[in-house]
Amino acid sequence: MTLKDIAGLANTSISTVSRSLNDSDLVAEETKQRIKAIADAYGFEFNAMARGLVTSTVATIGVILPENFDRFDVQLYHATLHNDFRKTLEQADLDMIVAFKENRFTGGDNINKLVTRKKVDGLIIVQEGLDAETIAYLNSRQVPFVLTQYPPAEAAPPYDVIYSDNPTGGTLVAEHMLERGFRRIVCITGGAERESAQRLEGFRAALAGGGVQLEEEDILEGNYQSSHAAELVLANLDRVRRADALFALSDLMAFGALEALQASGVRVPDDLALVGYDDTPLVAATIPGITSVHQAREEIALLAIELLLDLITRKSEGTLTERAPRAIAIQPRLVIRESTGAVPEERGRIL
């Protein structure tokens, strides 16, 4: 019994099943209870997912953090993703070792060390791609591994990866702005990073589909930092004042933009609507609350671990290399708050 099996029985998506089993607020209580009842009836439990570890020696999963984890904007999102990994592994009665790929002091390869010392049964690698040498090493040692969160650069990556669908996230923002009647829009990007480029791609295409052209001069290149976003708003205040809405491609940049707008006497949302991305705890605590794209962290964590445990089981059965790698895009949702004019009964509405 897998998440896919439960989804078929419940006539819902895998996303809804994973959110329900994680008690997510993004699923209606009635649906959540119905899915949990199905899971109980068929004996589904996270411990059952770990049966592939019966031949294991350590019952421990390694989680490799992104190299830029020291950046505050990365920590803001990945700290909550890390908690979702920990929760899911604890439910499966598994331990977790957290490391970076490279030792910051010795320059040594921590993946190599974890594998050589037999510290882990498999790896969840939270990085934007993986070098060919590491892939070859892990495959030669038959170490099960799954990449998560970041979209692959290749159309058919040579490894399993579960990632957030960034173009769809941008599309959701554009559709919401079009629905609200916003036509003059300023966007603060995250520079040349793939995630930012994909969000902008989906946003721009959906706006164009609604008859709105996002002008190049209205695209301000940020760097995911709050202070820089604030500087961009202040440096382009005349342009921003003429706009109906501003889309910051991360919550931290949205927070910086909000501070600069409020300091300049621009009222959100009365004068200008504001949307962020990632739906971190930060945006729910601001005044006004910031509408933001929710990346399904709990779903990414659960599916990545389920997939990894399947690979570990296949290794014990000698069938690890018989299945082609899979790339699974997880759909985001838009959480509506006051920054785009939500009235009390709309606050927290999910699109």
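The values are calculated or read from the model by the stated rules, or taken from the named source; none is laboratory data. This is a predicted model, so every value here is computed, not measured. Cβ: placed from backbone, ideal geometry, glycine included. Neighbour counts: every protein chain shown.
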Query raised in the report: Do we have residue 215 as of a type in the set (Asp, Glu), at pLDDT 95 or above and over 30 Å from residue 318 (Cβ atoms) here?
Result: no
**Report entry** the stretch 190-211, subset touching a Ser or Thr at 6+ places or on another chain (Cβ under 6 Å) and either at pLDDT 95 or above or charged (D, E, K, R) (or both), residue nearest to residue 260 (Cα to Cα)
**Finding:** 200
Query - Count of the stretch 248-285 residues which are part of a helix (DSSP H, G or I) and either closer than 25 Å to residue 299 by Cβ or free of Cβ contacts under 8 Å to residues at least 60 places away in the same chain (or both) - result: 16
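Table: residues versus (1) crowded, with 17+ Cβ neighbours inside 10 Å; (2) touching a residue at least 60 places away in the same chain (Cβ under 8 Å); (3) in the same structural domain as residue 252 (by TED's automatic domain parsing).
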residue: 179; (1), (2), (3): no, no, yes
residue: 186; (1), (2), (3): yes, yes, yes
residue: 198; (1), (2), (3): yes, no, yes
residue: 216; (1), (2), (3): no, no, yes
Query - Identity of the residue in the stretch 151-160, out of contact with any Phe, Trp or Tyr (no Cβ under 8 Å at 6 or more places or on another chain) and more than 13 Å from residue 197 (Cα to Cα), that ends up modelled with the lowest pLDDT - result: 155
Report task. Identify, by number, the condition in (1) under 27 Å from residue 61 (Cα atoms); (2) surrounded by 15 or more Cβ atoms within 10 Å (Cβ to Cβ); (3) modelled with pLDDT of 85 or more that residue 325 doesn't meet. Result -> (2)
Query raised in the report: Which ones in the stretch 80-120 are of a type in the set (Asp, Glu), in contact with a Ser or Thr (Cβ under 6 Å, 6 or more places away or on another chain) and closer than 14 Å to residue 64 by Cβ?
Result: none
Report task. Determine which member of the set 220, 237 is free of Cβ contacts under 8 Å to residues at least 40 places away in the same chain and either under 16 Å from residue 262 (Cβ atoms) or among the basic types (Lys, Arg) (or both). Result -> 237
Query - Tally, over the stretch 158-206, of residues that are under 18 Å from residue 332 (Cα atoms) and assigned to a helix (DSSP H, G or I) - result: 25
Query raised in the report: Would you call residue 226 within 26 Å of the chain's Cα centre (by Cα), of a type in the set (Gly, Ala, Ser), farther than 27 Å from residue 331 by Cβ and at pLDDT below 95?
Result: yes
Query raised in the report: Can you tell me which residue in the stretch 240-298 is farthest from residue 124 (Cα to Cα), limited to those that are of a type in the set (S, T, N, Q) and surrounded by 24 or more Cβ atoms within 10 Å (Cβ to Cβ)?
Result: 291
